[in-house]
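Peer 1: A single structure is presented below for examination.
The values are calculated or read from the model by the stated rules, or taken from the named source; none is laboratory data. What you see is a predicted model; the values in this text were computed from it and never measured. Heads up, the Cβs are rebuilt from the backbone with ideal geometry, glycines too, and the neighbour counts pull from every protein chain shown. SASA here: full protein model, heavy atoms, side chains in, ligands and nucleic acids out. Shrake-Rupley method; radii C 1.70, N 1.55, O 1.52, S 1.80 Å.
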Amino acid sequence: MNWIRWLKKSPWVFHVNTGACNNCDIEIVNCLTPKYDIERLGIKLVGSPRHADALLVTGVGTRQAVPRLLEIYRQMPKPCVVFLIGACAIGTGIFAGGYHVAGPVDEILKKEDPNVIIAYVPGCPPKPEAMISGIVKALAIL
Amino acid sequence: MKQEELKSRLEEIKDKLIAIEQPRDNRIYLLCEAEDAYAVDKFLFEGLNLRFVIATGIDAEGCFEILYHFANDETGTFVTTRAFIRDHENPSIESITPLIPGAEWIERETHDVLGIDFKNHPNLRRLILSDDWPEGVYPLRKACPACPEPAEGSKTKELKNEKDIE
Amino acid sequence: MKKILNKPVLAVGPFHPLQEEAEFFQLTLDGEIVTDIDMRISYNHRGIEAISETLQFDQVPFLVSRVCGICSASHPLAYVNAVEEIAGITPPERAQYVRVIINELERIHSHMLWVGLAGHFIGYDTVFMWAWKYREPVLDILEEITGNRNNYGNVKVGGCREDVPNEMIPKIRQKLDELEKKVEMLVKVVLDDPVIHARLKGVGVLTKEAARQYAVAGPTARGSGIAIDVRRDDPYAAYSDLDWNVITQPEGDVFAKAVVRLLEVLESIKIIRQAVDKLPDGPIDMEVKEIPAGEGCGHAEAPRGETFHYVRSDGGNRPVRHKIRAPSFVNVPSFRASCIGQHIADVTITLAAVDPCYSCTERLAVVDGHNNVIHDYESLLKLSREKTARIKKEIL
């Protein structure tokens, strides 16, 4: 059965912050509020990784947060898509070289699961429009 | 409290201080040894009713400095106690948490990042560093490796009293 | 002998970062009453103070604006206050006014964000959607001035990077007029609602004495009757030329903090109006040749309270020590004073009342010590909402 096709219709997303400055997180919540309202497109933020099709990761991946991120990733039903939101998640951004930074997150995830599907949404923070466009583009490719 | 009154009251603890510096009108630094810091802070917090802001730990040359910043909000003045810890090998200082509960976190953080032992601190557990951070590595000391390897056998230590639950 | 832990323990987190610190709360319960609270942070610790020591003085504002995304104007401002104190310079007047405008716009959108989330936590999703809708025009103004909705990076040592163009001022005024009407409506809706009164009054009280003991800052302190405000006490930027009121409430409960924040939005609108009226002509930037050896304390009033930066320079081009204290670092430990003795359904709103950012409250796990039942964040939120519904039924 082609699960990816099902996923594309209405992706449910779970959001995890691995050491972000909260900006990307606020912008993700902004996507839910009246101006952008992504729920009308079928994208829904859910409260448990077990219900989610996609994982939104923000933040640099601190030493303390990374084990918890992997724990969450293992709980996700596969196949799933991981969206790295913002410069920090993509390449640790301005915090590169910090003593408490274990990232970048994509390398950590690839080590955990070589078949992981990762989509990148750059920006600091990405504007809500950029996030929506990123999700739409990624789902079109899948 | 007006500026003149503050300055005259500070004379009361002059015997505990090395010097009083005032680089500008509303920034006052009280220099003292680590042993006297508690008494000076007690005087500032209880005697003068100043607001505790935060403490800063610095790995200075040959010693550690702990700066306790207090604010006199009526004049916007910072009164900072600068305590020198001369022992660079086993730095320790009296904790002010029993006096000011708001200092608990900053003393735990300073203990984490600089390895300063706060005597009589009620709860000097790890606060800011990760569970796998090795013991004895202090990231804000001048001679610290950039990103140390995880400690062996480290595990999640989130519960307050793990023994209680076993 | 081993002690038996027979009281239920409620684990909250770690994946619900509060502002810059993701935290793990552990509440010990007696029935439904909280008897102890323990916290663990580190999840969001990025080691900014150490990174700052590797950057040049002029690069640091970009770093510190990313300490917290919502306070991304106040942190750089506190930092440049400290560095300008070391260098003994005063930036041009227009730059001071631009700083005020950016800072107050930030306060408006941050407080609106809090009002929305607070509404969400007690089950008033309409307030959530309204408040977040009304803060969008503010973000639009900020985007137009600085080029980014958040993380403005507008402050630099010796001035500002982007100016507020004079042609934009009528537009800012018009948006503020629209916003003011909506905020006034929101204030009335929130403050006249009997359910909100019943739900928030007397909840999570932080007494004046406890507030002093825990050294809290900002609206958390002002809601407990401590009239501190850096803008008035140690004026920076152009605040000494402007006229506004410091809002305080004596009660110390969640309702008092909500009132303080809502009324502060109106004060901020007042400040911006005066600032754009008085905006002087001239440069917004000055040349800073070197930062001499020395030390400086800078602070600024962020939406959540006093942001404090201590910078030490040895005459080189990098700070040798840079200490950052965000307001939440002192506000969050005060949960110990405000949460103990509370009903569990009130914990969410009490924790939210100091405005830790709840943007990622997607995973709270509730562990029941008796029978190891694991609930999640939804159930805790449900408890909070059920209580509101119950009160609603009793009143109506």
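Peer 1: Per-residue HN-Hα couplings for the stretch C:129-142, Karplus 6.51 cos²θ - 1.76 cosθ + 1.60 at θ = phi - 60°, whole Hz, x for Gly and Pro?
Peer 2: Rounded to whole hertz, the list is 5, 4, 4, 6, 6, 6, 7, 4, x, 5, 5, 5, 4, 4.
Peer 1: What residues have an amide H closer than 5 Å to that of C:Lys156, excluding those fewer than 5 places away on the same chain, when H is modeled at 1.01 Å from N in the peptide plane?
Peer 2: Amide H neighbours of C:Lys156: C:Arg161.
Peer 1: To the nearest 20 Debye, how big is the dipole of the stretch C:243-319 about its Cα centre, given +1 on the beta carbon of each Lys and Arg and -1 on that of each Asp and Glu? All intermediate terms of the calculation are to be shown ahead of the outcome.
Peer 2: On the way: 9 positive and 14 negative charges, 36 e Å.
Here the stretch C:243-319 has a charge dipole of around 180 debye.
Peer 1: Return the subset of C:Lys188/C:Lys382; A:Lys9/C:Lys188; A:Lys110/C:Lys323; A:Lys8/A:Lys35; A:Lys9/C:Lys387; C:Lys181/C:Lys257 for which the Cα-Cα distance in this structure is over 31 Å, preserving the input order. Intermediate values should be presented prior to the final figure.
Peer 2: Details: C:Lys188/C:Lys382 26 Å; A:Lys9/C:Lys188 42 Å; A:Lys110/C:Lys323 36 Å; A:Lys8/A:Lys35 23 Å; A:Lys9/C:Lys387 36 Å; C:Lys181/C:Lys257 21 Å.
In this structure, A:Lys9/C:Lys188; A:Lys110/C:Lys323; A:Lys9/C:Lys387 exceed 31 Å between Cα atoms.
Peer 1: So if R0 is 51 Å, what FRET efficiency would B:Glu11 and C:Ile33 give, r being the distance between their Cβ atoms, rounded to the nearest 0.05?
Peer 2: Working: r = 49 Å, r/R0 = 0.96.
With a Förster radius of 51 Å, E is 0.55.
Peer 1: Buried accessible area for the A:C pair, summed, 1.4 Å probe, in Å² rounded to 100? Don't skip to the end; give the middle numbers.
Peer 2: Details: alone 7690 and 16580 Å², together 20740 Å².
Chains A and C together bury approximately 3500 Å².
Peer 1: What residue among B:Arg27, B:Arg82, B:Arg108 has the largest mean-square fluctuation in a Gaussian network model of chain B, using Cα springs under 10 Å?
Peer 2: Comparing B:Arg27, B:Arg82, B:Arg108 in the GNM, the peak value goes to B:Arg27.
Peer 1: Once Lys and Arg get +1 and Asp and Glu get -1 on their Cβ, which of C:Ala78, A:Ala96, C:Thr28 lies farthest toward the positive end of the dipole of the protein assembly as shown?
Peer 2: It is C:Thr28.
Peer 1: Next question, about the same structure. Name the residues whose placed amide hydrogens come within less than 5 Å of the amide hydrogen of A:Leu55, ignoring near sequence neighbours (fewer than 5 apart) on the same chain.
Peer 2: Answer set, sorted by chain and number: A:Phe14, A:Val81, A:Val82, A:Phe83.
Peer 1: Right, something else. From the phi of every residue in the stretch B:13-28, what ³J(HN,Hα) in whole Hz does the Karplus formula 6.51 cos²θ - 1.76 cosθ + 1.60 yield, where θ is phi - 60° and glycine or proline is x?
Peer 2: Whole-Hz 3J(HN,Hα) from phi for the stretch B:13-28: 9, 4, 5, 8, 9, 7, 6, 10, 10, 9, x, 8, 3, 10, 10, 10.
Peer 1: Calculate the dipole size of the stretch A:1-94 relative to its Cα centre from +1 charges on Lys and Arg beta carbons and -1 charges on Asp and Glu beta carbons; express the result in debye to the nearest 20. Mind showing how you got there, number by number?
Peer 2: Working: 11 positive and 6 negative charges, 70 e Å.
Dipole magnitude for the stretch A:1-94 comes out near 340 debye.
Peer 1: I want to check the label-to-label distance for C:Thr54 and C:Asp193. Put each point 7 Å from Cα in the C-beta direction and report it in nm to one decimal.
Peer 2: 4.7 nm
Peer 1: Could you tell me what percent of the accessible area of chain C is made up of carbon and sulfur, with a 1.4 Å probe and every protein chain present?
Peer 2: Details: 6650 of 12750 Å².
Accessible surface attributable to carbon and sulfur in chain C totals 52 percent.
Peer 1: Which listed residue (B:Gly136, C:His120, C:Tyr97) has the Cα farthest towards the positive end of the charge dipole for the protein assembly as shown, taking +1 on Lys and Arg C-beta and -1 on Asp and Glu C-beta about the Cα centre?
Peer 2: C:His120
Peer 1: Work from the charge dipole of the protein assembly as shown (Cβ charges, +1 for Lys and Arg, -1 for Asp and Glu, about the Cα centre) and give the residue of C:Met129, C:Ala238, C:Val216 farthest towards its positive end.
Peer 2: C:Met129
Peer 1: Also: Take B:Leu99 and C:Ala389, extend 7 Å from each Cα along the Cα→Cβ direction, and tell me the distance between the two endpoints in nm.
Peer 2: 5.2 nm
Peer 1: Right, next: May I ask which of B:Lys142/C:Lys156; B:Lys7/C:Lys270; B:Lys7/C:Lys289; B:Lys42/C:Lys208; C:Lys171/C:Lys270 have a Cα-Cα span longer than 25 Å here? Provide the component values of the computation, followed by the final result.
Peer 2: Details: B:Lys142/C:Lys156 27 Å; B:Lys7/C:Lys270 37 Å; B:Lys7/C:Lys289 34 Å; B:Lys42/C:Lys208 19 Å; C:Lys171/C:Lys270 16 Å.
From B:Lys142/C:Lys156; B:Lys7/C:Lys270; B:Lys7/C:Lys289; B:Lys42/C:Lys208; C:Lys171/C:Lys270, over 25 Å: B:Lys142/C:Lys156; B:Lys7/C:Lys270; B:Lys7/C:Lys289.
Peer 1: At B:Glu74 and B:Glu35, where each label point lies 7 Å from the Cα along Cα→Cβ, what is the point-to-point distance in nanometres?
Peer 2: 3.5 nm
Peer 1: Sticking with this structure for a sec: Rounded to the nearest 10 Å², what accessible area does A:Lys44 have for a 1.4 Å probe in the complete protein model?
Peer 2: 80 Å²
Peer 1: Further question: Using r as the Cβ-Cβ distance of C:Lys201 and C:Arg161, and R0 as 25 Å, what FRET efficiency do you calculate, to the nearest 0.05?
Peer 2: Values: r = 45 Å, r/R0 = 1.78.
FRET efficiency, C:Lys201 to C:Arg161: 0.05.
Peer 1: Can you tell me which of C:Asp234, C:Asp163, C:Asp253 moves the most in a GNM of chain C? Springs connect C-alpha atoms under 10 Å apart.
Peer 2: In this elastic network of chain C, the residue with the biggest mean-square fluctuation among C:Asp234, C:Asp163, C:Asp253 is C:Asp234.
Peer 1: With the contact rule set at Cα under 8 Å and sequence spacing of 6 or more, what percent relative contact order holds for the stretch C:298-358? Intermediate results must be reported in sequence, preceding the final value.
Peer 2: Values: 62 pairs, mean separation 15.1, N = 61.
For the stretch C:298-358, the relative contact order is 25 percent.
Peer 1: At a Förster distance of 22 Å, what's the computed FRET efficiency of B:Arg141 paired with B:Lys119, Cβ-Cβ distance as r, to 0.05?
Peer 2: Values: r = 20 Å, r/R0 = 0.90.
Step by step, r from the Cβ atoms, then E = 0.65.
Peer 1: 222 nm [θ] for chain B, helices only, -39500 (n - 2.57) per DSSP H run of 4+, per residue, to 500? Please report the intermediate quantities before stating the final value.
Peer 2: On the way: 4 runs with 32 residues, N = 166.
One gets -5000 deg cm²/dmol as the mean residue ellipticity at 222 nm.
Peer 1: Given the options C:Gly47, C:Gly158, C:Gly296, state which has the largest fluctuation in a GNM of chain C using a 10 Å cut-off (strictly under) for Cα springs.
Peer 2: Between C:Gly47, C:Gly158, C:Gly296, it is C:Gly47 that shows the largest mean-square fluctuation.
Peer 1: Give me the inter-chain shielding for B:96-107: mean count of other chain Cβ atoms within 10 Å, whole number please. Walk me through the numbers on the way to the answer.
Peer 2: Values: counts 0, 0, 0, 1, 4, 8, 14, 5, 3, 8, 6, 0.
That works out to 4 on average.
Peer 1: Still on this model: About the Cα centre, and with charges only on the beta carbon of Lys, Arg (+1) and Asp, Glu (-1), how big is the dipole of the stretch B:3-164? Nearest 20 debye, please.
Peer 2: Numbers: 20 positive and 33 negative charges, 31 e Å.
The dipole of the stretch B:3-164 has a size of about 140 debye.
Peer 1: C:Gly218's amide H: which non-local residues (gap 5+, or another chain) put their own amide H closer than 5 Å, with H modeled 1.01 Å from N in plane and none for Pro or chain starts?
Peer 2: So C:Gly218 has HN proximity to C:Glu306.
Peer 1: Between the chain alone and the structure with every protein chain in place, find the residues of the stretch C:149-171 that drop at least 40 Å² of accessible area; heavy atoms, 1.4 Å probe.
Peer 2: Buried by 40 Å² or more upon assembly, which counts only protein chains, are C:Arg149, C:Asn150.
Peer 1: Leaving out ligands and nucleic acids, and using a 1.4 Å probe, what accessible area per residue does the protein assembly as shown come to in Å²? If you can, show how the numbers build up before the last one.
Peer 2: Values: 25580 Å² over 704 residues.
Dividing the accessible area of the protein assembly as shown by its residue count gives 36 Å².
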